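Novice: I'd like to ask some things about the structure below.
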Amino acid sequence: DVKQGVSITARVNYRHLRHSYTDNVFGKGSGYKELPVVEIASRTRVLAIGNNSPERATAGDNPTWMRWNNLGIALLDQLQYGDALNAFREAIKLHSNDADGYTNMALTNIQWEKFVPARAALETALELNPGNARALYYLALVERRDGNTSQEIADLKQVVAQYPRSVDARRELGISYYQSGDQKAAMEQFQALQNIDPDDVAAHYNLSLLYRRSGMKDSAKLQGSLFALKKTDPGAPTYSQDYLRMHPEISTESIPWHVHSSLHHIHAADGSAVTETPMESTH
């Protein structure tokens, strides 16, 4: 029965902690001040009933290639690998010299366990931008899968040289050295990782093994105890599943795509009819 246009508003809101969490911490009804919801951005469009003409981009809008790239990232987050690849291809068509576009395609293929096209995309990215740390990092993971240990280490060393405080690069290089049998080099990487992030459980675990093999029993014992203290509680999944069964509004947060809705009840003038109109929906 709509005669006029339909107005659609999309908002990006930010709230540091959800209400159910703060209720749990402070106690429901304890009188604590609720954290504010801040609107980061919003945009409204009116869709006509009938034909709609394309609207020109405004001055502050992202270029078209970037919007395709952002769409690809969103689809990848939702595990929609095929659609994500299509979006990244569109971005590359419009911005062909961007190494990140090819790296994004490679990352999608790695998660999809399609390593041959992942390698091809990474090689193209490195042709466009030799020494690109992001492409080298993911190429090292492909090399590891193919058993090319020396090249895997060489790639990760370049990443660490560019970003010495990258915990991911340090961790993966330590694992590469460990798997190659170079215990001294592996120990150096995990020690460097621990200096950057003292709570990294992979560093605690691997250093406990390396120290024990090197005869450093006290250090091995310390790292082993820190790992046992900080690792994920094996009973946690049981506790969390029980909690999520009792709180379905929170359990949906663990699903890559879901809907939040606030239904508004509208009564007819005579009070005889009721409709429910979604006032706000995000996913």
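The values are calculated or read from the model by the stated rules, or taken from the named source; none is laboratory data. None of the values given here were measured: they were computed from a predicted structure. Backbone-built Cβ (ideal geometry, glycine too); neighbour counts: all protein chains shown.
Novice: Please give the number of the condition SER214 fails out of (1) touching a residue at least 24 places away in the same chain (Cβ under 8 Å); (2) under 17 Å from SER20 (Cα atoms); (3) of a type outside the set (D, E, K, R).
Specialist: Looking at each condition in turn, SER214 falls short on (2).
Novice: Would you check if there is a residue in region 95-106 being touching a residue at least 60 places away in the same chain (Cβ under 8 Å), assigned by TED's automatic domain parsing to the domain that holds GLU127 and assigned to a helix (DSSP H, G or I)?
Specialist: Filtering region 95-106 down to residues touching a residue at least 60 places away in the same chain (Cβ under 8 Å) leaves none.
Looking for residues that are touching a residue at least 60 places away in the same chain (Cβ under 8 Å), assigned by TED's automatic domain parsing to the domain that holds GLU127 and assigned to a helix (DSSP H, G or I), one finds none in region 95-106, hence no.
Novice: Also, quick follow-up: Sort out which residues of region 146-161 are surrounded by 14 or more Cβ atoms within 10 Å (Cβ to Cβ) and part of a helix (DSSP H, G or I), and write them in order of number.
Specialist: Step one: list which residues in region 146-161 are surrounded by 14 or more Cβ atoms within 10 Å (Cβ to Cβ), which gives 148-149, 151-160.
Passing the criteria: THR149, GLN151, GLU152, ILE153, ALA154, ASP155, LEU156, LYS157, GLN158, VAL159, VAL160.
Novice: Condition check: over 30 Å from THR108 (Cβ atoms) and assigned to a loop (DSSP other than H, G, I, E, B). Does ASP61 satisfy that? Reasoning before the result, please.
Specialist: Working: over 30 Å from THR108 (Cβ atoms): no; assigned to a loop (DSSP other than H, G, I, E, B): yes.
Against the criterion (over 30 Å from THR108 (Cβ atoms) and assigned to a loop (DSSP other than H, G, I, E, B)), ASP61 does not qualify.
Novice: All but one of (1) in a helix (DSSP H, G or I); (2) surrounded by fewer than 17 Cβ atoms within 10 Å (Cβ to Cβ) hold for PRO164; which doesn't?
Specialist: Evaluating PRO164 over (1) in a helix (DSSP H, G or I); (2) surrounded by fewer than 17 Cβ atoms within 10 Å (Cβ to Cβ) leaves (1) as the failure.
Novice: Then there's this: On the basis of being of a type in the set (A, V, I, L, M), free of Cβ contacts under 8 Å to residues at least 12 places away in the same chain and surrounded by 13 or more Cβ atoms within 10 Å (Cβ to Cβ), does ALA74 make the cut?
Specialist: Details: of a type in the set (A, V, I, L, M): yes; free of Cβ contacts under 8 Å to residues at least 12 places away in the same chain: yes; surrounded by 13 or more Cβ atoms within 10 Å (Cβ to Cβ): yes.
Spelling it out, ALA74 is indeed of a type in the set (A, V, I, L, M), free of Cβ contacts under 8 Å to residues at least 12 places away in the same chain and surrounded by 13 or more Cβ atoms within 10 Å (Cβ to Cβ).
Novice: What residue, of ILE73, ILE92, is in contact with a Gly (Cβ under 9 Å, 6 or more places away or on another chain) and part of a helix (DSSP H, G or I)?
Specialist: Numbers: ILE73 fails: in contact with a Gly (Cβ under 9 Å, 6 or more places away or on another chain).
Checking each option against the conditions leaves just ILE92.
Novice: Looking only at region 22-57, filter to residues that are under 19 Å from GLY5 (Cβ atoms) and free of Cβ contacts under 8 Å to residues at least 12 places away in the same chain; which one of those is surrounded by the most Cβ atoms within 10 Å (Cβ to Cβ)?
Specialist: The initial filter retains those residues of region 22-57 that are under 19 Å from GLY5 (Cβ atoms), namely 42-56.
Right, trim to free of Cβ contacts under 8 Å to residues at least 12 places away in the same chain and you get 50-56.
On the way: GLY50: 6, ASN51: 5, ASN52: 11, SER53: 6, PRO54: 5, GLU55: 8, ARG56: 6.
Here the residue is ASN52.
Condition check ((1) at pLDDT below 80; (2) part of a helix (DSSP H, G or I); (3) over 19 Å from ASP200 (Cα atoms)) across all residues:
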| site | (1), (2), (3) |
| --- | --- |
| LEU226 | no, yes, no |
| THR232 | no, no, no |
| GLN241 | no, yes, yes |
| THR252 | no, yes, yes |
| SER262 | yes, no, yes |
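Novice: Are any of the residues in region 122-131 over 26 Å from PRO198 (Cβ atoms), under 23 Å from the mean Cα position of the chain (by Cα), crowded, with 22+ Cβ neighbours inside 10 Å and not β-branched (Val, Ile, Thr)?
Specialist: yes
Novice: Moving on. Inspect region 156-171 for any residue being among the small types (Gly, Ala, Ser) and under 22 Å from the mean Cα position of the chain (by Cα) and give the result as yes or no. Quick ask: steps written out before the conclusion?
Specialist: Pass one, region 156-171, residues among the small types (Gly, Ala, Ser): 161, 166, 169.
Still in the list and also under 22 Å from the mean Cα position of the chain (by Cα): 166, 169.
Within region 156-171 (the criterion being among the small types (Gly, Ala, Ser) and under 22 Å from the mean Cα position of the chain (by Cα)), the answer is yes, since at least one residue qualifies.
Novice: Within region 195-216, how many residues are among the hydrophobic types (A, V, I, L, M, F, W, C) and not in a helix (DSSP H, G or I)? Quick ask: steps written out before the conclusion?
Specialist: Filtering region 195-216 for residues among the hydrophobic types (A, V, I, L, M, F, W, C) gives 196, 201-203, 207, 209-210, 216.
Adding the requirement that they be not in a helix (DSSP H, G or I) leaves 216.
Total meeting the criteria: 1.
Novice: Taking HIS16 and the conditions (1) part of a loop (DSSP other than H, G, I, E, B); (2) farther than 30 Å from GLY60 by Cα, which numbered condition does it fall short on, given that it satisfies the others?
Specialist: (2)
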